[in-house]
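Report on the structure given below.
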Amino acid sequence: MQNLKSDDTMFPKTRMRRLRQPGIRNLVGETELLAKDLICPIFVDENIEEPEEIESMPDQYRFPLSMVADEAKEIEDLGIPAVILFGVPATKDEDATSAYDDDGVIQQAVRNIRSKTEDLLIVTDVCLCEYTTHGHCGIVDYANETVLNDPTLPVLGKVAVSHARAGADIVAPSGMMDGMVRAIRTALDIDGFTNIPIMSYSAKYCSCFYGPFRDAADSGFAFGDRSGYQMDPANSDEALRELELDIEEGADIVMVKPAMPYLDILYRVKSTYKMPTAAYQVSGEYAMIVAAGTRGWIDRDQAVYESLLSIKRAGADMIITYFAKDAARMLRENP
Ligand code: PBG
């Protein structure tokens with residue numbers, strides 16, 4: 001090497017680029033996106049007879065109970081291993097009683113899907129916000145406009161058990177109440193569902209990127225915001241403390257949400273705890289890519305692929321994404 005320095009201009013500088021040639025580039029690729037990494041959300045609405053497109057999430061639909069199993073079958077046929085269900089119930093009240101009704105929207109949807117699919121895993125979102133008149137994720141003290149932590153826990157336990165009884169494979173609490181994982185684990189174990197894993201939305205940030213979801217699931221809130229329970233976007237160490245508690249309480253899979261604006265958190269979480277880690281590419285992330293793609297400002301397919309690959313590279317073992325079907329189709333055509 002030292003001799004080369006004497007007349008540097010004579011020698012080619014090519015080094016890193018050798019491995020970027022077609023074919024070789026794939027051989028040395030470090031991260032691979034696979035259909036088996038994806039979890040596809042489904043919105044089920046008890047109040048409708050035909051699918052309804054969600055305005056702020058083009059190409060995404062709320063499905064009636066009568067059609068949810070067909071949708072799930074289509075997802076399974078694309079090689080996607082799991083769905084996560086969100087419900088829009090026929091009735092809401094202050095205490096979210098329709099969330100744990102054995103004939104509630106999710107419980108019925110789980111049974112319908114189970115009857116028409118083979119190995120598809122059914123994950124259910126365990127939260128109260130879609131089932132409460134006030135739209136908050138817990139039991140509310142109206143006088144003080146606060147969401148009560150401890151009174152919410154037994155309700156979440158009942159919701160999880162009713163989902164398990166209907167046949168859910170994994171329950172996913174998303175309400176960010178302290179102690180929710182332990183409450184759900186205890187409730188499941190008492191009812192004999194010791195084999196049902198908990199996927200906890202452990203590091204769920206208080207994010208504007210959930211906006212379109214609240215249209216989709218009709219879960220906007222009557223007062224305040226969710227900053228009293230969801231995490232402050234300014235914080236990163238706090239995510240690790242949340243994770244530690246959730247793991248202690250019995251979480252089997254942990255989650256970071258949203259995904260793209262929080263890849264640093266995802267990386268820290270995965271490298272610190274080495275837990276099975278999910279990331280949620282949320283409704284606002286979906287809407288941004290779709291909106292820019294529709295205008296021709298970015299290439300939609302490439303943006304879908306690159307965003308999902310980045311989320312996987314940062315540390316996600318699995319990704320909840322509204323692009324699951326698109327991505328699975330793309331990966332099938334162009335593996
Ligand atoms: C329910 C819940 C929300 C999301 C998933 N579960 C909404 C919220 O917390 O306001 C958001 C998902 C998305 O934006 O795609 N608590």
Fill in the blank from the handout: Scanning the range 315-327 residue by residue, those closer than 26 Å to ILE265 by Cβ, part of a helix (DSSP H, G or I) and over 14 Å from the mean Cα position of the chain (by Cα) turn out to be ASP326, ALA327
Exercise for the section: Kindly establish whether ARG185 is surrounded by fewer than 20 Cβ atoms within 10 Å (Cβ to Cβ) and of a type outside the set (Asp, Glu). Expected result: no
Practice task
Hey, could you check the range 220-235 for residues that are more than 25 Å from THR277 (Cβ to Cβ) and near the ligand (Cβ under 10 Å from one of its atoms) and say which is most open to solvent (accessible area, probe 1.4 Å)?
Solution key: ASP225
Practice task
Please enumerate the residues belonging to the range 102-145 that are away from the ligand (no atom under 12 Å from the Cβ), touching a Ser or Thr at 6+ places or on another chain (Cβ under 9 Å), of a type outside the set (Gly, Ala, Ser) and under 21 Å from LEU38 (Cβ atoms).
Solution key: ILE106, VAL110
Completion exercise
Expected output for the range 131-157 (first residue over 21 Å from THR186 (Cβ atoms), partner part of a helix (DSSP H, G or I) and hydrophobic (A, V, I, L, M, F, W, C), Cβ below 7 Å, 6+ apart or cross-chain) is TYR131/ALA99
Exercise for the section: Of all residues in the range 236-261, count the ones that are open to solvent by 50 Å² or more (accessible area, probe 1.4 Å) and either within 15 Å of the ligand (Cβ to nearest atom) or part of a loop (DSSP other than H, G, I, E, B) (or both). Expected result: 3
Handout entry: Residue list for the range 311-335, restricted to those being in contact (Cβ under 8 Å) with a residue 60 or more places away in the chain and buried (at least 16 other Cβ atoms within 10 Å of the Cβ)
Key = LYS312, ALA316, MET318, ILE319, ILE320, THR321, TYR322, ALA324, LYS325, ALA327, ALA328, LEU331
Completion exercise
Within the range 26-54, restricting to residues that are touching a residue at least 24 places away in the same chain (Cβ under 8 Å) and over 20 Å from the mean Cα position of the chain (by Cα), the one that is surrounded by the fewest Cβ atoms within 10 Å (Cβ to Cβ) is GLU30
Handout entry: Hits in the range 80-121 (condition: among the aromatic types (Phe, Trp, Tyr) and either open to solvent by 10 Å² or more (accessible area, probe 1.4 Å) or free of Cβ contacts under 8 Å to residues at least 60 places away in the same chain (or both))
Key = TYR100
Handout entry: Leading residue by the ranking (farthest from the chain's Cα centre (by Cα)) among those in the range 163-182 that are within 16 Å of the ligand (Cβ to nearest atom) and not hydrophobic (A, V, I, L, M, F, W, C)
Key = ASP178
Fill in the blank from the handout: Note on the range 171-211: residues touching a residue at least 12 places away in the same chain (Cβ under 8 Å), in a helix (DSSP H, G or I) and of a type in the set (D, E, K, R) are ARG182, ARG185
Problem - Single residue of the range 277-308 satisfying the filter (among the polar types (S, T, N, Q) and open to solvent by 70 Å² or more (accessible area, probe 1.4 Å)) that is farthest from the ligand (Cβ to nearest atom) - result: GLN302
Problem - Hits in the range 131-143 - residues which are farther than 18 Å from ALA183 by Cβ and either at pLDDT 95 or above or open to solvent by 50 Å² or more (accessible area, probe 1.4 Å) (or both) - result: THR133, TYR142, ALA143
Completion exercise
With the first residue restricted to the range 267-285 and required to be over 15 Å from ARG214 (Cα atoms), and the second required to be within 8 Å of the ligand (Cβ to nearest atom) and acidic (Asp, Glu), Cβ contacts under 6 Å at 6 or more apart or on different chains are none
Handout entry: Pairs where the first residue, in the range 295-310, is of a type in the set (Val, Ile, Thr) and the second is assigned to a helix (DSSP H, G or I), C-beta under 9 Å, 6+ apart
Key = ILE298/ILE289; ILE298/ALA292; VAL304/ILE289; VAL304/GLY293; VAL304/ASP326; VAL304/ALA327; VAL304/MET330
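The values are calculated or read from the model by the stated rules, or taken from the named source; none is laboratory data. This one's a predicted model, so the numbers in the text were calculated from it and none came from an experiment. In this analysis, Cβ positions are derived from the backbone assuming ideal geometry, glycine residues included, and neighbour counts consider all displayed protein chains. All accessible areas refer to the heavy atoms of the entire protein, side chains included, with ligands and DNA or RNA removed. Shrake-Rupley method; radii C 1.70, N 1.55, O 1.52, S 1.80 Å.
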